[in-house]
Structures are given as structure tokens and as C-alpha cells.
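Accompanying notes for the structure given below.
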Amino acid sequence: MPYQHIQFELAGSGVALVTVNRPDKLNALSRGVVEELGQAASQIAEDPAIRAAILTGAGEKAFVAGADINELAAFSPVEARSYALRGQQVFRKLETLGKPVVAAVNGYALGGGLELAMACTVRFAAENAKLGQPEVKLGLIPGYGGTQRLPRLVGYGRALEMLLAGEPVTAAEAWRIGLVNAVTPQAELLPYCRAWLDKVLANAPLALRMAMEAVDVGLSAGLEEGLRFEAAAFGVCAASEDRQEGTRAFLEKRRAVFAGK
Ligand code: COA
């Protein structure tokens, strides 16, 4: 699929590398970028050869420095609402596509950039990364899920601190508060993401999908529904060939080889 604003590469390992590619604008999210991220999410979800993805920004300075402020400056209220809804839809698609998506936060992740990273399954950050929701400095609030996902990740006290002051946190602070899962030197960020995915992808694909879905259902719907979903998903996994292979391999003291069935 030809892309203009992002790069989409697929390695032999089945891990897609999606790079937001506007380095001269610090990879700001124009509408074109958001649409292409939506197409990339569909491609990742639908192509059986793709088992996981890494999302990053071009250059060494920014992951994504926010929504494109040139576009934000020109919106009518009605346009702004549909712009927010569209971005929310694309990010939700990315969040629920059923395969792990790792955010490799290689620099500034501000505004829509942090919202994009938070819609990923996990976030690993380079030491130079700065993460924040500065929208209030522009007379706005986050529109791509920041007010919802930030408190879920870091708790509402810290989330409000970041949302109201609009000041970014360093990678080290982001790690301390649970906003990112690990911090690495810039040059080691992509190898770190790939190594983590190697471990994840050695596990049963259906179990990975069900674990992510159970977490998502529980966080969206609440404990009771989440527990019910967990039990049903546990049953689905128990019916899989991979469950037979996984338990048998353990008992036979060998490594499981999963077929994704
Ligand atoms: N939208 C549009 N353009 C952006 C942008 C954004 N969110 N963030 C950066 N850019 C552009 C700059 O306008 C500049 O373009 P120019 O060279 O044509 O003037 C280019 O990217 C480089 O940015 P610059 O500000 O010169 O880099 P810097 O190192 O001095 O500062 C930041 C980096 C990230 C601190 C600064 O760019 C910034 O504050 N960006 C906006 C962050 C923001 O508020 N995001 C939330 C939007 S909701």
C-alpha cells in the first residue's frame, strides 16, 4: 500500500515498522498522517504475515510533536469536533487491532504524540524523550483520548498535574510514574523493542490476543464484565491447539511451537 506521510516496512520476523515521516515538522500529526495511520492499523490487523508492529517517528528529535498546529489554528468548532472523533476512532482501532503495537518514543511525544503512544500496547522511550499534554497552553484540551488514557496509565492525580500544567516530563520521570515501560539509550531503542517482541511472539498468538482483549474489556466496562469476559476468553484459549501444545510441551520439558490455532 503506498503511503505519503508514513513509512511502512515489514521485516521477515513479521514485525511491521511504522514511521511517522515528517521530520521537518517534528512528525506533527496532520490529517493526512492520521488517515494513513488508520490504513496502517487495518493493514496490520488484516495481514496474517504481520504479527506485531513498532510505531516510531522519523529523525532523532521527535516521536510525534503533537497534532499539526497549523490545522488546529484554522478549525471551526464543528470541524474540530469531527477532527477529534476521527482521530479517536483511528487510535482506538490501533489500540484494539489484536496484535501488540509497541510505541518506540524516540524524542518529543507531545499532545497527539503522547495520545498516539498511549493508544499503543506498551511504550519504550529513548533517554532524550519528553512526554506531555501541552494543549491547555494553546487554549485546547487533548482531543485524541489524552484525558481518558493518561489517568488510566498514571492515576488521576498525576494525570491532572500533567494535563493542567501542560509541562512535559522527562523519559526518566515518565518511567517512574508508569507512563513508559522502559527507557533506553536512543541507539538501542529499536533493538530493545524488537527484543521485547521476540519474547512476546514466542507465545501463543490467540492467548496474546485474548489477554489484550480481556484487559481492554475490563478497563472499559468494569470489573464484573471484565471477569466474565476473562472466563469466556480462558475457555476459548482452552479450546485451542496452542493450549494442547503449550501444556504438552511443558510436561515433555521442551519448548512449545505454536501454530496460532
Ligand atoms: N504542529 C505543527 N508544526 C510543528 C509542531 C506541531 N505540533 N511541532 C513542531 N512543529 C514545527 C515547527 O513549527 C518548526 O517548523 P518550521 O521549521 O517550519 O518553523 C519545526 O517543526 C521544528 O520545530 P521547532 O519549534 O523549531 O523545534 P524546537 O526544537 O525549537 O522545539 C518543540 C521543539 C517540540 C518544543 C516545539 O516544536 C513545540 O513546542 N511544538 C509544539 C508542541 C505542542 O504544543 N504540541 C501539541 C499540539 S496539540
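At-a-glance table
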item	result
The range 173-183, residues that are touching a residue at least 24 places away in the same chain (Cβ under 8 Å) and over 11 Å from Asn128 (Cβ atoms)	Ala174, Trp175, Gly178, Leu179, Val180, Asn181, Ala182
Residue match in the range 150-157 (condition: without any contact (Cβ under 8 Å) to a residue 60 or more places away in the chain, within 16 Å of the ligand (Cβ to nearest atom) and assigned by TED's automatic domain parsing to the domain that holds Ala195)	yes
Some residue of the range 170-191 being of a type in the set (A, V, I, L, M, F, W, C) and under 19 Å from Lys99 (Cβ atoms)	yes
Within the range 16-123, helices (runs of 4 or more DSSP H) holding 3 or more residues that are under 25 Å from Ile177 (Cα atoms) and within 12 Å of the ligand (Cβ to nearest atom)	112-118
Residue in the range 180-201 that is of a type in the set (A, V, I, L, M), surrounded by 14 or more Cβ atoms within 10 Å (Cβ to Cβ) and more than 18 Å from Ile54 (Cβ to Cβ) present	no
Pairs where the first residue, in the range 68-80, is outside the structural domain of Asn27 (by TED's automatic domain parsing) and the second is more than 8 Å from the ligand (Cβ to nearest atom) and modelled with pLDDT of 95 or more, C-beta under 7 Å, 6+ apart	none
Which listed residue is at pLDDT 95 or above, loosely packed, with under 14 Cβ neighbours inside 10 Å and not basic (Lys, Arg), from Leu85, Leu37	Leu85
Lone unmet requirement of (1) aliphatic (A, V, I, L, M); (2) touching a residue at least 60 places away in the same chain (Cβ under 8 Å); (3) surrounded by fewer than 20 Cβ atoms within 10 Å (Cβ to Cβ); (4) in a helix (DSSP H, G or I) for Leu140	(4)
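The values are calculated or read from the model by the stated rules, or taken from the named source; none is laboratory data. The model shown is predicted, which means the values in this text are computed figures rather than measured ones. Because the Cβ atoms are built from the backbone with ideal geometry, glycine has one as well, and the counts that use them run over all protein chains shown.
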